[in-house]
Structure formats: C-alpha cells, structure tokens
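Presented below is the structure to which this report refers.
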Amino acid sequence: MMRRWKSMNPTTRKTGMIIIPILLTISIIIMIITYPQRRDMTLTGIIYQSGNYNDSFKHEVNLRIKGKFEKSLWGKHKFQGYFEIQDDRFSLQGDQTYVEIAYQENKPAVLGYVQFNDEGSTSLISLGDIFINEDFTAFTILMTYIDGQPTGWNHNDGYVLSAPVMDREEAVHLTRKLTKGYMDWNTEL
C-alpha cells in the first residue's frame with residue numbers, strides 16, 4: 001500500500017492529502033450532530049384556554065421527560081421515552097406515558113400513548129398535536145384529551161399547554177413561536 005502511494009502522481013497524492021482530512025472532518029461533524037442525546041428533565045408549564053374571552057384560565061403543570069432524543073441532518077428528529085404531564089385532568093401518568101415522537105420544527109406531531117385495558121386489549125390515546133423546538137427543550141401541545149375523554153380543538157376555546165414558561169403571556173408567546181408557519185393565529189390566544 002505504501003509503495004503504491006509513493007508511486008502516485010504528486011498532484012494526485014496532494015489531492016488525496018486534502019480530501020481525506022476533509023471527509024474525516026465531515027464524518028466527525030455528522031456523528032456529533034446525529035449522536036443520540038439523553039433527556040431527563042422536569043419543566044414547569046402553563047395550560048391555558050385559547051380565544052378572545054378565555055384569558056382568565058391558566059393552570060400550572062409539571063412535565064417530566066426522560067428518554068433519548070435524536071437529531072437528523074434532514075430536519076426530522078425523534079424522541080423515545082417517557083413524556084408525563086403531571087396533572088390528573090389533562091393527561092395520563094405512570095407506565096402508560098411511553099411515547100415515540102417523530103417531528104420536524106414548526107410542524108406538529110401526534111403526542112399519543114398506548115393504553116392497556118384490563119381485558120388485555122390496547123387503545124391509542126392522542127393527547128394532542130405537539131410542536132417542539134429543534135433541540136427538544138420547548139413544547140406546545142394543542143390538547144385533545146381532557147378529563148379522560150377525547151375532545152376536539154379549535155382556536156376559539158381549545159386548551160394549549162406550553163413549557164417551559166412561568167405565566168400565560170410567556171405561554172402564548174411560545175405557542176406563537178413554535179407554531180409559526182403552520183398555524184395562522186388570527187385570533188387572540
């Protein structure tokens with residue numbers, strides 16, 4: 001191999017000496033970007049009701065998130081793990097909170113859980129559409145499962161959960177930011 005390298009044209013050898021480090025650098029950068037990251041965090045969020053006349057409703061909740069987050073070079077990201085909203089009215093808790101979420105920034109993904117019934121059958125519970133930022137640290141969920149029942153969602157009176165935020169104003173700002181380009185908020189949140 002070494003004899004072959006020495007017998008090469010000097011121009012070809014120089015080109016190879018330039019291309020090999022560049023390819024190696026690109027490979028390392030790709031590995032760093034796409035390497036799975038562990039997430040183990042508890043966030044404070046606000047559930048509020050959208051619409052012009054619902055600005056008095058706000059409810060503080062904690063989100064417990066534990067799992068593996070993977071980035072893609074093409075903008076499609078994935079989370080596998082537990083996504084628990086710690087509030088009886090708006091969520092499921094415990095062992096039934098394992099999720100797999102595939103998403104793109106500013107596009108919704110379904111936040112769904114598999115529920116195991118006493119008879120041994122399963123059903124899929126959709127908690128709502130979730131919007132997530134690129135590095136999986138901020139969330140907005142358009143809630144479609146409340147008080148143990150599936151519900152619809154609309155701009156006028158739908159429930160929205162945003163985290164991490166401390167008040168309704170921050171929650172509305174985060175919702176607008178994460179859903180920008182997908183939803184047109186022509187009414188007040």
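The values are calculated or read from the model by the stated rules, or taken from the named source; none is laboratory data. Please read all numbers here as calculations on a predicted model, not as lab measurements. Cβ sites come from the backbone with ideal geometry, for glycine too, and all protein chains shown count toward neighbours.
Looking at segment 128-146, which of the residues that are assigned to a strand (DSSP E or B) and touching a Gly at 6+ places or on another chain (Cβ under 7 Å) is farthest from Tyr182 (Cα to Cα)? So the residue we want is Tyr145. The test for being modelled with pLDDT under 80, in the same structural domain as Ser162 (by TED's automatic domain parsing) and not in a loop (DSSP other than H, G, I, E, B) does not hold for Asp88. Of the residues making up segment 34-70, those that are in a loop (DSSP other than H, G, I, E, B) and either among the charged types (D, E, K, R) or at negative phi (or both) are Tyr35, Pro36, Ser50, Asn52, Tyr53, Asn54, Asp55, Ser56, Phe57. Return a yes/no flag: does segment 14-33 have any residue that is at pLDDT below 85, touching a strand residue (DSSP E or B) at 6+ places or on another chain (Cβ under 9 Å) and in a helix (DSSP H, G or I). No, because not a single residue in segment 14-33 is at pLDDT below 85, touching a strand residue (DSSP E or B) at 6+ places or on another chain (Cβ under 9 Å) and in a helix (DSSP H, G or I). Screening Phe57, Phe131 for residues that are at pLDDT below 85 and within 18 Å of Gly158 (Cα to Cα) leaves exactly one candidate, Phe57.
Whenever a residue of segment 66-84 is in the same structural domain as Val110 (by TED's automatic domain parsing), its partners that are of a type in the set (A, V, I, L, M, F, W, C) and surrounded by fewer than 13 Cβ atoms within 10 Å (Cβ to Cβ), lying with C-beta atoms within less than 7 angstrom and at least six residues away or across chains, give the pairs Lys71/Ile33; Leu73/Ile30; Leu73/Ile33.
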